Amino acid sequence: MPRSLITHPQGYDEFLRNLKQRIRTAQVKAVFAVNRELILLYWQIGRGILERQHGAGWGAKVIERLAADLHREFPGTTGFSRTNLLYMRAFAAAWPEEPFVQQVVGQIPWGHNLRILDLVKSPQERQWYIRRAIEHGWSRNVLVHQIESGLYRRQGKAQTNFQATLPTPQSELAQQAIQEPA
């Protein structure tokens, strides 16, 4: 029977529309929750490696062994290569405070974090790019473009009287307009 000839009880279409929206919202929340947990796991692994290398004298070869052992234990799982374990170590060294990792850094994907680690050396600048990526929903390519174009260094350099003379929305827009590259 064609769909157009099927009658639904009163309120069905609205119920279905709301249900689909709730499912989509839950799916997005689940993706973000999984990302946050993975980022925290990677940080904990990196911190564990750092602690053992500093405190117990573990050498660099341990990372290769750890990667091989994890691959053997979790053969279908990616993310535990030697390179990624080294990134986890660098990640934990860059962000020594777990609450910041949980509350802020965990909001962006691992690939974003890696690009920031690779391209930005200042902790203050790293935090700035993370917060902007969250605020503006930047893709990894947009994040890299903003870093390579020096957005952090450009922001706030132009001195204006916009904030004193224009209402807030217009002053912010005007300030941003003069900071954008031509």
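Considering segment 109-124 alone, what residues qualify as being without any contact (Cβ under 8 Å) to a residue 60 or more places away in the chain and either within 17 Å of residue 86 (Cα to Cα) or surrounded by 16 or more Cβ atoms within 10 Å (Cβ to Cβ) (or both)?
111, 112, 114, 115, 116, 117, 118, 119, 120, 121
Considering every residue within segment 30-51, establish whether at least one is farther than 24 Å from residue 109 by Cα and either among the aliphatic types (A, V, I, L, M) or open to solvent by 70 Å² or more (accessible area, probe 1.4 Å) (or both).
Yes: segment 30-51 contains one or more residues that are farther than 24 Å from residue 109 by Cα and either among the aliphatic types (A, V, I, L, M) or open to solvent by 70 Å² or more (accessible area, probe 1.4 Å) (or both).
Identify, by number, the condition in (1) loosely packed, with under 15 Cβ neighbours inside 10 Å; (2) more than 11 Å from the chain's Cα centre (by Cα); (3) more than 23 Å from residue 66 (Cα to Cα) that residue 131 doesn't meet.
(2)
Test of understanding: among 101, 144, which residue is under 30 Å from residue 67 (Cβ atoms), open to solvent by less than 40 Å² (accessible area, probe 1.4 Å), at pLDDT below 95 and part of a helix (DSSP H, G or I)?
101
Would you pick out the residues in segment 63-81 that are open to solvent by 50 Å² or more (accessible area, probe 1.4 Å) and part of a helix (DSSP H, G or I)?
Once the filter is applied, which keeps residues that are open to solvent by 50 Å² or more (accessible area, probe 1.4 Å) and part of a helix (DSSP H, G or I), segment 63-81 yields 64, 65, 66, 69, 71, 72, 73.
Residue 33 - would you say it is touching a Phe, Trp or Tyr at 6+ places or on another chain (Cβ under 9 Å), among the aliphatic types (A, V, I, L, M) and either at negative phi or modelled with pLDDT under 95 (or both)?
Considered against the rule, which asks whether it is touching a Phe, Trp or Tyr at 6+ places or on another chain (Cβ under 9 Å), among the aliphatic types (A, V, I, L, M) and either at negative phi or modelled with pLDDT under 95 (or both), residue 33 comes out as no.
The values are calculated or read from the model by the stated rules, or taken from the named source; none is laboratory data. Computed from a prediction, not measured in an experiment: that's the story for all the values here. Here the Cβ is made from the backbone with ideal geometry for all residues, glycine too, and neighbour counts use every protein chain on show. Surface accessibility is based on the protein's heavy atoms, side chains included, excluding ligands, DNA and RNA. Shrake-Rupley method; radii C 1.70, N 1.55, O 1.52, S 1.80 Å.
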